[in-house]
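This report concerns only the one structure given below.
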Amino acid sequence: MVKTHIGLLCTTALVVVSFCGPFYLPGQALAQEKTARPEHPALLFRLGPRTPEQIAAFYEARGFPAAAIDALNQTCFITVSMRNKSNKVIWLELKNWRLIAASGEIQRLKRSYWQQLWSHLNVPQANRSTFGWTLLPETRDLQPSEPVGGNITLPPTTEPFTLEARFKTGREKRAGEIILRYDNVRCAGREAKQ
Amino acid sequence: MRAILLAGILLGAAMSNGLAAESLLPRGVMKQDGRPAPALRLKDMDGKLFDLAEARGRWVFVHFWASWCGPCRREMPTIQRLIATRGNLPLEVVLVNTAETEDAVFSFLGIAGPDLSTLLDPDGLVTEAWQPRGLPATFLVDPEGRIQYLALGVRTWDSQPYVEFLRRITEPTS
């Protein structure tokens, strides 16, 4: 098992900068190391909380109707980018990710939630399709050198939380597990709004 | 005993040929199982209809993209250069825009690939039927209409490893 602890240096800068600067602490041995290392040896992994203004601007420019924009404004978006840097398959499975706040676990808004909402709001099929492509896939067998990216969505919160992402590795998921923990993650732009 | 030894040698040779073929794939290109390609029947920006079913007999490079996708912006010029320089490569290049308006497509291609044309998948349903692993995505469909290769993410299609690979797979076998 490869266990890595990554604390995020998330400050107000994340509102204008795409990604928080991860501070990489692989286990106890390097806990005192001060060098920021933004990558796991096998997996490039980036988190970028998006402000409601960024999200609204993006989807408005794609012709999303006002009712959909209103709904998106009530949502916390975090953009995730990954690339498999190993020579093994790495399994992205969002069911193995946890968002843990002091008050309890935060439940991600899954694709089924959005599909129901878009049906309820009569959002055009083109917008639904575009939205779907901007979400992080629920599952992906990331091949060597393969990138993947997209948003995860959750109810807005002002509370900081820990994102714990677990990845099985190997074609048969039997080559060990990668665990990444990002502490002190925050929904961007929520502080001033609430 | 000799038969077993010979079988072992032949098996080893077959395996090494397979491995060699795999190792000849350029970075980010995956061999597929040769499943039949889904239907692809769409109009381009001039209203001209393209039907993949009518492209039997030649290789087709099917590329899905969207203007909002940053990697698509980087990859598109390499496709334009591939088309410009591929010479007699027997390959039809087909771009498919996913779920955008003509205005968005026109503005994007004007910058990223002014010599390119694209099919329009206005509601995105054709793209979903192909099940790309993300955008951009490129499928290589053989002359029998079967998906033989999938390219993951951005590829520099005009670079030597990819041009050589495309030349190799599209070469007529004698």
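Only the coordinates and a few stated rules stand behind these numbers; no lab work does. Every value quoted in this text rests on a predicted model; they were computed, and no experiment measured them. Glycine also receives a Cβ, built like all others from the backbone with ideal geometry; neighbour counts cover every protein chain displayed.
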Worksheet item: How many partner chain Cβ atoms sit within 10 Å of a residue's Cβ in peptide B:143-152, on average, as a whole number?
Response: 1
Response to the item:
Burial-style ranking of A:119-128, A:161-170, average other-beta-carbon count within 10 Å with highest first, yields A:161-170, A:119-128
Item to complete: Give the long-range amide H neighbours of residue B:93: residues separated by 5 or more places, or on another chain, with amide H under 5 Å away, using H modelled in the peptide plane at 1.01 Å from N.
Response: B:61
Worksheet item: How crowded by other chains is A:121-134, given as the mean number of beta carbons from other chains within 10 Å of each beta carbon?
Response: 5
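Where the only charges are on Cβ atoms (+1 Lys, Arg; -1 Asp, Glu), what is the dipole of region A:102-194 about its Cα centre, to the nearest 20 debye?
Values: 14 positive and 10 negative charges, 38 e Å.
The calculation lands at about 180 debye.
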Discussion item. For residue B:100, what residues show an amide H to amide H distance below 5 Å, using hydrogens built from the backbone and excluding near sequence neighbours?
Written reply: B:121
Worksheet, complete the sentence: Shielding of A:142-151 by other chains, given as the mean Cβ count within 10 Å, works out to 4
Worksheet item: Nearest 20 debye, what's the magnitude of the dipole of region B:27-170 about its Cα centre given +1 on Lys and Arg Cβ and -1 on Asp and Glu Cβ?
Response: 660
Item to complete: Divide by every residue of chain B the summed helix terms, -39500 (n - 2.57) for each DSSP H run of at least 4, and state the resulting mean residue ellipticity at 222 nm, rounded to the nearest 500 deg cm²/dmol.
Response: -12000 deg cm²/dmol
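Where the eigenvalues come from the Cα gyration tensor of region B:36-146, what are the semi-axes √(5λ) of the equivalent ellipsoid, largest first, in whole Å? Spell out each step's value before the answer.
Details: eigenvalues 79, 58, 34 Å².
Each semi-axis is the square root of five times an eigenvalue, giving 20, 17, 13 Å.
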Practice prompt. Quickly rank B:158-165, B:125-132, B:60-67 as a protection proxy: mean count of other C-beta atoms within 10 Å, highest first.
Written response: B:60-67, B:125-132, B:158-165
